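We did not get these values from a lab; they are worked out from the coordinates using the rules stated. This one's a predicted model, so the numbers in the text were calculated from it and none came from an experiment. Every residue, glycine as well, gets a Cβ built from its backbone with ideal geometry; the counts of neighbours run over all protein chains shown.
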Amino acid sequence: MKIQYLGTAAAEAVPAFFCACPHCEYARAVGGKEVRTRCGAIVDDTIKLDFPPDTLLHMFLYGLNFNYLEHLLITHSHEDHFCWNDIAYRREGFSHPAADAAPLNIYGDQVVVDKIKELNIDGLVPHLMVPFVPTKVGEYTVTALKAVHMIGSSEQPLFYLIEKDGQSLLYAHDTDEFPQEDIDFLANKHIGLISLDCTNAVKHYDYVGHMDIWDNLAMRKKLLANGAADEKTIFVANHFSHNGLAPYEELEKAGDGMLISYDGMEVEF
Ligand SMILES: [Zn+2]
Ligand SMILES: [Zn+2]
Ligand SMILES: [Zn+2]
């Protein structure tokens, strides 16, 4: 399996539009890995994970072509993950889909599904993902898990376990430390790569909905303890906000063996 990280930032990106904080100024000066667009990824060039507002830029930068994209998994309706107004350019006139293009299947929670239904565009097919129910997505089996995010909202955000031919990947953005029912579901899965929300990076904040690097390390411990992961599992910290960020090398040190994502990073396992 292969995952390519197309964007690795939280909603406001790094550097953020109007931000003069020390990290944004640092990122502007240094460039490279310190510049992060909004969070999204693609698995095996086949399954698109989230559709952030920077998707058009990702298409240009990484030579992607979505004319034949068939599967888009959306984690939740926050606009840095579900830029529905760009998805709506699938409408005839704004696009002229190839005659042999298959429909684009969009998988998500109730809010995402309702929005796609409301758009009512030929070629966009919504699929409701129910937590803990494995679902066929092309040649893959995808299971939604319950994210701890959007507290106080009626929406149940999701994150995804993607499996194929004995290989598996967990893409856990956006979420705080997993609820016990997720951890129980993942027991003994020996997942190949686990990508964890690290919005707060190296600053600790007392709110529920995102993790920092120490929360990631605590999750790694729990997932190793119940066999969700093993010594071969690759852990990745991803989805960073400028508010808690440190320079890449510092983050790597704090991550204690976790991979720190950057825009364009590819991992094969
Ligand atoms: Zn986000
Ligand atoms: Zn900033
Ligand atoms: Zn979010």
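In table form, for the structure just shown:
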| quantity | calculated |
| --- | --- |
| Point-to-point label distance, residue 206-residue 119, nm (Cα→Cβ direction, 7 Å offset) | 4.1 |
| Residue-count net charge about residue 91 - beta-carbon cut-off 15 Å; Lys, Arg +1, Asp, Glu -1 | -1 |
| For the chain: relative contact order, % (alpha-carbon pairs under 8 angstrom, 6 or more apart) | 19 |
| Label-to-label distance, nm, for residues given as residue 256 and residue 128 (7 Å Cα→Cβ offset) | 4.2 |
| Computed FRET value (nearest 0.05) for residue 101 with residue 268, which takes r as the C-beta separation and R₀ as 41 Å | 0.90 |
| Estimated 222 nm signal from helices in the chain, with DSSP H stretches of n ≥ 4 weighted -39500 (n - 2.57), rounded to 500 | -6000 deg cm²/dmol |
| Pairwise FRET efficiency - residue 85 versus residue 167, Cβ, R0 = 45 Å, nearest 0.05 | 0.85 |
| In nm, spacing of pseudo-spin labels at residue 20 and residue 56 (7 Å Cα→C-beta vector) | 3.0 |
| Lysine pairs meeting the criterion (Cα under 19 Å, 8 or more apart or interchain), as found in the chain | 23 |
| Protection proxy ranking of 98-105, 7-14 - average other beta-carbon atoms within 10 Å, highest first | 7-14, 98-105 |
| Of 93, 244, 108, the one that fluctuates the most in a GNM where the chain has Cα springs shorter than 10 Å | 93 |
